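Read the structure below first, then the notes.
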């Protein structure tokens, strides 16, 4: 795959060294993921795409060294566990004056047309085509997450490093996941250097504003994130761990079923619970080391009760008070996007061999007043 990406692009330099992660991930997918033929095609195409985009980003920055030293000033990251309201917060924060959300077209191709000499920007159409294909292959996915052309996660920017905690939620790769958890914060810095490089190429289009970014996969890697982005602010939504584990188990099971042999649901539940406990433990350790001043906590119940108030609080913390026009845009977005717009996502812990009492007992030491 690496040879093929280099041949197709005519480029060789992949940037920050994450070769070990790449090879471990590919090996784990081959040996452990039990992919179907369709799954092998989908994952293979995704990996080739990640490699090609890396090659193009590194080359773009080589040709434009001014971009390579351009700062990414005061980015705002939404980093809660999956299913804690991160998407709602991200979309509302994107409505504020002075914000620059990552758009669907940006994740498809982080080298914008201005750097490629293209006359037209077809990135949005290519993104929508990939989303339509995903909905076709996995009916019901839209109830779990609505992939539209607006603000999107920066997950793909991170995944292109192949050092990303989201891969185990996509495919069953236990050996890769074990290696990933063994890495300390310093070992993950290269992944965030590549993440920043992609934002630097995107800044070539001249759009102004601080980046508003989101991906739950950042949560176990906060130390590396804040090392590469020392002036970043981090928004951390909270929700009952039992609810999070049930919902994430449903998402993981659907992902695995789409690409591989039918998953063992009880095994999925155990893996998701273990992953959640490890994440909570690492966040606690990171907060103890770095302090709480750079992390803004938001309760899920408070977010649903007064979403605009939650965003106003965040902006007060980062020193960007919200003008009336921003608040009006948020209210319009809320009116146009009610909860459950594309149908309800139904799930229960019992489907995955778990129960609320067990999850509550195991996560008790990490519970916060914001969980609800």
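Annotations
- Given (1) farther than 30 Å from residue 269 by Cβ; (2) touching a residue at least 60 places away in the same chain (Cβ under 8 Å), number of the condition residue 327 does not satisfy: (2)
- Residue 45, sole failed condition from (1) surrounded by 20 or more Cβ atoms within 10 Å (Cβ to Cβ); (2) under 23 Å from the mean Cα position of the chain (by Cα); (3) on the phi < 0 side of the Ramachandran plot: (1)
- Criterion (closer than 17 Å to residue 176 by Cβ and either outside any helix (DSSP H, G or I) or in contact with a helix residue (DSSP H, G or I) (Cβ under 8 Å, 6 or more places away or on another chain) (or both)) met by exactly one of 27, 4: 27
- Residue check for residue 85: at negative phi and either buried (at least 23 other Cβ atoms within 10 Å of the Cβ) or touching a strand residue (DSSP E or B) at 6+ places or on another chain (Cβ under 6 Å) (or both): no
- Selection of first residues in segment 256-275 that are under 23 Å from residue 180 (Cα atoms) and of second residues that are in a strand (DSSP E or B), restricted to Cβ pairs under 6 Å at least 6 apart or on distinct chains, gives the following pairs, ordered by first then second residue: 259/35; 260/35.
- Among the residues of segment 181-203, those identified as over 18 Å from the mean Cα position of the chain (by Cα) and surrounded by fewer than 20 Cβ atoms within 10 Å (Cβ to Cβ) are 182, 183, 184, 186, 187, 203.
- Test set (1) surrounded by fewer than 21 Cβ atoms within 10 Å (Cβ to Cβ); (2) at pLDDT 85 or above; (3) within 16 Å of residue 198 (Cα to Cα) - residue 98 fails condition number: (3)
- Unique residue being over 19 Å from the mean Cα position of the chain (by Cα) and within 24 Å of residue 255 (Cα to Cα) when the list is 38, 55, 61: 38
- Any hit, segment 252-259, residues being part of a loop (DSSP other than H, G, I, E, B) and at pLDDT below 95: no
- Checking each residue in segment 64-76 for being under 22 Å from residue 11 (Cα atoms) and either outside any loop (DSSP other than H, G, I, E, B) or within 21 Å of the chain's Cα centre (by Cα) (or both) picks out 65, 66, 67, 68.
- Taken together, 199, 225 contain a single residue that is farther than 22 Å from residue 296 by Cα, touching a strand residue (DSSP E or B) at 6+ places or on another chain (Cβ under 9 Å), in a helix (DSSP H, G or I) and modelled with pLDDT of 95 or more, which is 199.
- Condition check for residue 115: surrounded by 16 or more Cβ atoms within 10 Å (Cβ to Cβ), out of contact with any strand residue (DSSP E or B) (no Cβ under 9 Å at 6 or more places or on another chain), more than 19 Å from residue 158 (Cα to Cα) and at pLDDT below 90: yes
- Filtering segment 21-34 to residues that are crowded, with 17+ Cβ neighbours inside 10 Å and in contact with a strand residue (DSSP E or B) (Cβ under 6 Å, 6 or more places away or on another chain) leaves only 33.
- Filter result for residue 14 (crowded, with 17+ Cβ neighbours inside 10 Å, outside any helix (DSSP H, G or I) and in contact (Cβ under 8 Å) with a residue 40 or more places away in the chain): yes
- For segment 35-57, the set of residues classified as farther than 15 Å from residue 167 by Cβ and in contact with a strand residue (DSSP E or B) (Cβ under 8 Å, 6 or more places away or on another chain) consists of 36 only.
The values are calculated or read from the model by the stated rules, or taken from the named source; none is laboratory data. From a predicted model like this one, the values you see are computed outputs, not experimental measurements. Please note: Cβ atoms are built from the backbone with ideal geometry, for glycine as well, and neighbour counts cover all protein chains shown.
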